[in-house]
Amino acid sequence: MSGTAVGVVLAAAEGTTIGYPVLFGGVLLGSVVPVVPTGAVVGAAAAFAMTTDSLGLPLVLLVATLGALLGDLITFAVCRFGGPAAIRWVARGQHADRLEEIRDQFRRHGWQLIVAGRLVPAGRIPVLVTAGALAYPWRRLLPAALVAAFLWALAYALLGVVSGGIFDSPLIATLVATVLVLVVGAGLNLVAARRRRSPATVRTPSTPGPS
């Protein structure tokens, strides 16, 4: 289900209680199996909440946060307890050098990486794979993952608020919010990819380090 389809479902669900389950299920599913653009789901729900009385914006933020948190915890648990085969399945499509780089940083900056991984494009899966492989403690993971999920949900909900503040039609607002989130996400992914390929980020042996 695409973000646009979720927006249409939300717009068609005015006056019913289907909105919150669609939001929670979409975010949870996309956080475990990345087949749903979860940011677009949150943005569409926030835009819908701004243009109708069927959803409340605080509850949209809460439900999105809980769905993202539960999805991240499931992904972490699969990597921690599922063995090498589960880690390979979750990490499919990830670059080995990227995973190794995060592994090196994780022991010193574990909770910071968990928060940043949720917010940085293509950062969540490598961070959770590394956390599971290193058996990162639950007592440290839970608060970091909660903060990360809340900040992530807040960021994408704000895009929906902007759309809902411009358009009065719930359908138009949700569709515009979905497109806006996808465009912003594509732009961030492009910037992140260019930074990873930049020669300036790679230090050669002949380049002296900082004194």
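Descriptive notes on the structure:
- Counting the residues of the range 82-104 that are modelled with pLDDT under 70, part of a helix (DSSP H, G or I) and surrounded by 13 or more Cβ atoms within 10 Å (Cβ to Cβ) gives 5.
- Scanning the range 142-156 for residues that are surrounded by 24 or more Cβ atoms within 10 Å (Cβ to Cβ), under 16 Å from residue 50 (Cα atoms) and either at pLDDT below 90 or more than 10 Å from the chain's Cα centre (by Cα) (or both) turns up just one, 156.
- Screening residue 79 with (1) assigned to a helix (DSSP H, G or I); (2) modelled with pLDDT under 85; (3) out of contact with any Phe, Trp or Tyr (no Cβ under 8 Å at 6 or more places or on another chain) gives one miss only, at (2).
- The residues of the range 39-66 that are in contact with a Phe, Trp or Tyr (Cβ under 6 Å, 6 or more places away or on another chain) and touching a residue at least 60 places away in the same chain (Cβ under 8 Å), listed by number, are 39, 42, 43, 65.
- Residue selected from the range 46-74 under the condition in a helix (DSSP H, G or I) and small (Gly, Ala, Ser), by the criterion farthest from residue 158 (Cα to Cα): 71
The values are calculated or read from the model by the stated rules, or taken from the named source; none is laboratory data. Just so you know, these numbers come straight off a predicted model, no measurement behind them. FYI the Cβ positions are ideal-geometry reconstructions off the backbone, even for glycines, and counts take in every protein chain you see.
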